[in-house]
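Presented below is the structure to which this report refers.
Here, each number is a calculation from the coordinates, and none is a lab measurement. The structure presented is a predicted model; accordingly, all values stated were derived computationally and were not measured. Cβ atoms come from the backbone with ideal geometry, glycine included; neighbour counts cover every protein chain shown.
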Amino acid sequence: MSTAMLETGAHGGPIGWYSELAVSERRTFWGCFLGWVLDAMDVQIYGLALGAIGATFALDKTQSGLIGTVTLFTSAFGGWLAGLVSDRVGRVRMLQLTVAWFAIFTFLCGLAQNYPQFLVLRALMGFGFGGEWAAGAVLMGEVIRARHRGKAVGCVQAGWAVGWGVALILWTLLSSTLAQEHAWRVLFMLGIAPAFLVFFVRRFVHEPEVFIACRAGDEKGAGNPLEIFSPAMLKTTILCALLATGAQGGYYAITTWLPSFLKDERNLSVVGSFPYLAIIIAGSFLGYIASAYLCDLIGRRANFVLFAAASFVIALIYTQIPMDDSLMLVLGLPLGFFASGVFSGMGPFLTENFPTRMRGSGQGFSYNFGRGISAWNVTFVGMLSARLSLGHSIGVFAGIAYALVVIAALLLPETKGRELTAG
């Protein structure tokens with residue numbers, strides 16, 4: 001039997017690995033997948049409705065960028081706190097709390113009457129958004145066995161593209177049937193939907209055995225939240241944080257401003273930009289899936305380098321080189337493919353770099369420190385666009401970000417196939 005077949009599953013072809021999952025693994029997979037779908041929907045609606053929100057509150061690009069930055073910045077604190085607390089109260093309970101939190105505050109954003117109110121509500125929404133990833137990623141990483149961890153966690157990550165697609169469809173329908181100042185409010189109110197996922201998670205998803213064993217095994221089970229900064233762990237923590245900073249910095253610099261780029265520099269309406277964004281989202285979904293398989297096949301580090309380098313090249317071509325609309329439509333597929341695919345290995349890689357007793361704290365801090373720093377890319381792109389074109393501004397910050405991914409990946413150890421212990 002070939003190595004490729006062994007990696008994808010003992011039987012059933014490329015999706016044979018799924019049939020090998022236990023019932024508990026499958027339930028966790030779908031609970032986290034749906035969580036990521038709905039999480040993405042609530043996050044991406046801001047970028048899609050940014051123009052309408054800006055018109056309602058008379059915002060300039062710097063103010064619009066600041067909303068995106070503040071949301072991501074608070075999500076960084078929410079993610080670290082959720083990871084830290086999940087080491088004490090459990091991954092599943094933390095997942096329930098964070099999903100309900102970001103759903104409620106997304107709904108309330110639709111009721112905001114002015115810019116300060118919207119800014120505060122969006123910031124509070126970000127707190128739960130960051131926490132959901134931290135709790136869900138650790139949960140998935142601990143439940144799924146080592147040989148399928150990359151594929152399973154990466155495929156859950158593909159739920160982001162599905163949620164982005166749902167948000168795009170909803171926004172296109174609403175903006176075509178309602179006045180812009182009402183359409184974005186209805187869109188945000190629909191963000192309450194993720195709250196219903198809590199009932200599924202409460203009923204069917206259970207704590208990972210390795211976490212339970214860690215808590216029961218000895219007095220160190222709960223972990224010390226500051227142990228990730230101990231001499232033995234500090235290098236790992238810093239490099240994982242830089243990896244996450246680069247991946248998210250490139251992604252948010254591109255995707256937050258992409259609808260505005262298509263509207264302002266390509267002169268496309270909401271309906272006219274639909275096929276361009278739809279192609280990017282389709283590429284995003286395929287990128288998540290392909291990267292999920294590749295990180296189990298070629299290793300975590302090589303996968304990061306491949307997708308980061310390709311993301312940089314495609315982003316430059318897409319935003320810097322003059323081209324007709326048909327070529328831009330085609331290039332949307334690889335843009336979404338590589339910019340999103342770089343994330344598939346993030347969950348398993350961070351899970352494998354931290355011991356169980358501090359995994360929530362370490363993974364939550366690293367990913368969300370990256371989110372907090374990269375959040376400023378959204379504002380910086382908006383500020384730089386006052387001097388350069390929006391496309392050139394996106395390219396500058398995307399390039400810096402993806403260089404960080406490559407550097408950090410090359411300095412971290414390869415963890416493919418690493419078994420998790422209760423320590």
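Okay, here's what the table says:
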item	result
Convex hull volume of the range 290-423 per residue (C-alpha atoms, cubic angstrom)	100
Reciprocal of mean inverse Cα separation for the range 44-169 (Kirkwood radius, Å)	15.6
Among ALA278, ALA58, ALA167: highest mean-square fluctuation, GNM of the chain, C-alpha pairs under 10 Å	ALA58
Debye log10 I(q)/I(0) at q = 0.07, 0.08, 0.12, 0.15 Å⁻¹ for the chain, Cα point scatterers	-0.30, -0.39, -0.91, -1.43
Selected from ASP296, ASP324, ASP87 as most flexible by GNM, with the chain as the system and alpha-carbon contacts under 10 Å	ASP324
Given charges at beta-carbon only (K, R positive; D, E negative), |dipole| of the range 22-411 in Debye	620
For the chain, with +1 on Lys and Arg beta carbons and -1 on Asp and Glu, the positive-most of LEU84, SER344, GLY332 along the dipole	LEU84
Cα centroid separation, the range 61-77 to the range 177-217 (Å)	21
Positive-pole candidate from ASN303, TRP164, ALA52, dipole of the chain, charges at beta carbon	ASN303
Relative contact order of the range 302-423, defined on C-alpha pairs under 8 angstrom at six or more residues apart (%)	44
Residue among SER260, SER366, SER19 with the largest mean-square fluctuation in a Gaussian network model of the chain, springs linking Cα atoms under 10 Å	SER19
Crossing angle, helix 91-109 versus the chain [Cα axis fit, 0-90 degrees, rounded to tens]	10
In sequence order, calculated HN-Hα J values of the range 371-384 (Karplus, 6.51, -1.76, 1.60; Hz; x Gly/Pro)	5, x, 6, 5, 4, 5, 4, 5, 5, 4, 4, x, 5, 5
Percent RCO, i.e. relative contact order, over the chain, from Cα pairs under 8 Å lying at least 6 residues apart	27
Helix axis angle, 270-297 relative to the chain longest principal axis, alpha carbon, degrees	20
Charge dipole magnitude, Cβ of K and R +1, D and E -1 - the range 19-91, Cα centre, debye nearest 20	100
Percentage relative contact order, the range 74-174, counting C-alpha pairs under 8 Å, at least six apart	36
